[in-house]
There are 2 protein chains.
Amino acid sequence: MIWYKEKNDNDIVVSTRVRLARNLSKYPFPNAMNKETIKKAREEIENCIMNSNSTLSKDFKIYNMLDLEDTDKKMLAEKHLISFDLLDNKDSSVLINKDENMSVMLMEEDHLRLQVIMGGFKLDEAYETANRVDDVIDENVQYAFDADFGYLTSCPTNTGTGLRASVMMHLPALTMTNSIQRIISSAGGLGIAIRGMYGEGSKAYGSLYQISNQVTLGLTEKEIIEKVKNIVNQIAEHEKQARKKLLENNRDYIEDKIYRAYGILKYARTISSKEAKALISDVLMGKNMGIIDIDNGELIELMIMAEPAYIEHMSKKKLSPEERDKKRAELIRDAI
Amino acid sequence: MIWYKEKNDNDIVVSTRVRLARNLSKYPFPNAMNKETIKKAREEIENCIMNSNSTLSKDFKIYNMLDLEDTDKKMLAEKHLISFDLLDNKDSSVLINKDENMSVMLMEEDHLRLQVIMGGFKLDEAYETANRVDDVIDENVQYAFDADFGYLTSCPTNTGTGLRASVMMHLPALTMTNSIQRIISSAGGLGIAIRGMYGEGSKAYGSLYQISNQVTLGLTEKEIIEKVKNIVNQIAEHEKQARKKLLENNRDYIEDKIYRAYGILKYARTISSKEAKALISDVLMGKNMGIIDIDNGELIELMIMAEPAYIEHMSKKKLSPEERDKKRAELIRDAI
């Protein structure tokens, strides 16, 4: 099941993602390849995976970036199944499994970027799954691997394990009290990056943050996973305390903010993606704080549904930004 | 029935008020009287009205400003039954009828200020009622009247007929498009004042404006009434056109604004009087434009209920401003 539809009892950790960067030894990195060799290498890896005897191979479907509609491509990115960088890359493809919790991007920055994404806080499970898929591929291709450096990658920051473990957290109280800035700084010193919902350079709309390891060299996979797990647990504890303090010191303000957010989502006739995410975030916090009791708890799903391409997909046609804002308000009213 | 509970089919005119300023010839104006003569004159007028054989006299009840609780006094002002100036005047009293559509303030700026207030656009009816009460009083006292100047009053702007005809209008579209400023200027040139909900110096919260004649000298009562009626009709036409244009050019924006206002009123946990009035005004406009269909149409009553003293009265105790904002939100949620 796709991550945002999975049942998740964790109030703060929304999802877990593990990504492995891999390259084939027989080809240079994608940025040094020409169109023909990229196509050749891409098809070679596609065939390796699709023709392998693993049960995994039966689950995957190949999507060529060249063939995909703009809206469909963007929707894959909004669902975190591909990177936004892949959208403009016509030579690449992505393999996605039926459950939409595994994807393999081919010819993005590296030859292969294998990703497992799950709802909730499941670093071990996601890593084990990624490792299993990696082993299947490894049986059929020759990875670029150096005894000293480990897996070689296009960008040195991924060299070593090639592992990025990232956890998406909902941190409304730390955002509201502005404590998040201090946490971002100190996490940086520990080799942990805290970024917006869509990674590097993206904003933390809806108070959603990606917490991930910055370097993959000099630590084992297990150590990286433990390190991220450790920091995530600490941040979650900070968020819990911040929520408690907000309730103790500003209960009226918080209750009002949450209920107003709910009222606007329930009645607005036009709403931007940014505002929708902020309001959904308030309501989600209110639900988790026990302040507001709403039937439909699929608020994270609603944030994804609020994304531009998702809206267009639901409307089955191209929309102007104004039409999108109206359609978004309609979808949210119906859902909430 | 008090004006804001009267059924009113007029979308734009909320209420009509006619006020007559009168003084007794045997006393100087209140600002030149001492405490004892004020008391003597006040009781004399009170007795004249209460002991008259008119059926009107049976309806009236006397409230001494000295004896009234702060909250009750303020509530009378919020309901437009006395002026806010009267609140700090311990020597004055007010006679109010059972239906709360007539009041006679004694020893405010003038010896008598007789007022009739009705829901909707009823200038003739209100004037005739005021005139009838005035005649009853006139039979029992000697008014200060000059053959050339007419009724003499404390402030020269009221000398002549002593009549102020004022109409409260709901002008959200003219406010939103900022056209109201131009209308205020041009009305001024015609001897018509346009002021906030509570007259001179008050703000037009909730887009409620008082339209009234500025001078009472040199025109007959009928002429004043006709003049105000004429201007009110013109302004109402402007408001209608402005609403139509808003719908034609900004329907999405207007619908969103109205529904968001409704959502906030329905869910907010704390709300100021100013914000409440602005949002109620939006919903009222939406209802009158046929955009939003709400059962409870008593939105003008809700604006009065949103006033500070009314809130305290409903709570039956003194409230801090924060407590008041919470109670207001609660009352509005229950009402809407």
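The values are calculated or read from the model by the stated rules, or taken from the named source; none is laboratory data. What you are looking at is a predicted structure, and each value in this text was computed from that prediction instead of being measured. Don't worry about glycine lacking a Cβ; one is built from the backbone with ideal geometry, like all the others, and counts go over all protein chains shown. All accessible areas refer to the heavy atoms of the entire protein, side chains included, with ligands and DNA or RNA removed. Shrake-Rupley method; radii C 1.70, N 1.55, O 1.52, S 1.80 Å.
For chain B, set up a Gaussian network in which alpha carbons nearer than 10 Å are linked by springs, and say which option among B:GLU226, B:GLU200, B:GLU78 fluctuates the most.
Checking each option, the largest mean-square fluctuation is seen for B:GLU200.
Over the range A:242-335, give the accessible area per residue in Å² for a 1.4 Å probe, as an integer.
45 Å²
Using a Gaussian network for chain A with springs between C-alpha atoms less than 10 Å apart, which of these wobbles most: A:ASN288, A:ASN34, A:ASN158?
A:ASN34
With all protein chains present, how much of the accessible area of the range B:207-336 (probe radius 1.4 Å) comes from carbon and sulfur, to the nearest whole percent?
47 percent
What trypsin sites (Lys or Arg not before Pro) does the range A:79-147 have in DSSP loop regions with at most 16 other beta carbons within 10 Å?
A:LYS90, A:LYS98
What's the center-to-center distance, using Cα atoms, between the range A:192-238 and the range B:256-302 in Å?
44 Å
Which helices, counted as full DSSP H runs in chain B, have an axial Cα extent of no less than 20 Å and a Kyte-Doolittle average of 0.0 or above?
none
Just to be sure I understand: chains A and B are related by a rotation, so which residue of A has its Cβ closest to that axis, and how close in Å?
A:GLY263, 2
Given a 1.4 Å probe, how much area per residue of the range B:3-238 is accessible, in Å²?
Accessible area per residue, the range B:3-238: 44 Å².
Between copies, how close do the A:SER272 label points come, placed 7 Å along Cα→Cβ, listed in nm from shortest?
When each copy's label point is compared with this one, the spacings are 2.4 nm.
Chain pair B, A: how much accessible area is buried, both chains summed, with a 1.4 Å probe, in Å² to 100?
1500 Å²
Pairs of alpha-carbon atoms within less than 8 angstrom and 6+ residues apart define the contacts here; what relative contact order does the range B:242-335 have, in percent?
Once divided by the residue count of the range B:242-335, the mean separation gives 35 percent.
Considering only Cα-Cα distances, which of the following residue pairs are longer than 31 Å: A:LYS79/A:LYS266; A:LYS58/A:LYS222; A:LYS90/A:LYS266; A:LYS61/A:LYS240; A:LYS274/B:LYS287?
A:LYS90/A:LYS266; A:LYS61/A:LYS240
Please check the range B:250-292 for residues whose accessible area, probe 1.4 Å, is lower by 40 Å² or more when all protein chains are in place than in their chain alone.
B:ASP252, B:ASP256, B:TYR259, B:ARG260, B:ILE264, B:TYR267, B:ARG269, B:THR270
Nearest 500 deg cm²/dmol is fine: what mean residue ellipticity at 222 nm does the protein assembly as shown get from its DSSP H runs of n ≥ 4 alone, each adding -39,500 (n - 2.57), divided by its residue count?
Result for the protein assembly as shown, helices only: -15000 deg cm²/dmol.
Using a Gaussian network model on chain A with a 10 Å cutoff between Cα atoms, which of A:ARG182, A:ARG195, A:ARG17 fluctuates the most?
Checking each option, the largest mean-square fluctuation is seen for A:ARG182.
May I ask you to order B:269-276, A:305-312 by the average number of other C-beta atoms within 10 Å around their residues, highest value first?
A:305-312, B:269-276
Could you name the lysines whose alpha carbon sits less than 16 Å from that of B:LYS318, not counting residues in the same chain fewer than 8 places away?
Leaving aside lysines fewer than 8 places away in the same chain, those within reach of B:LYS318 are B:LYS73, B:LYS74, B:LYS326, B:LYS327.
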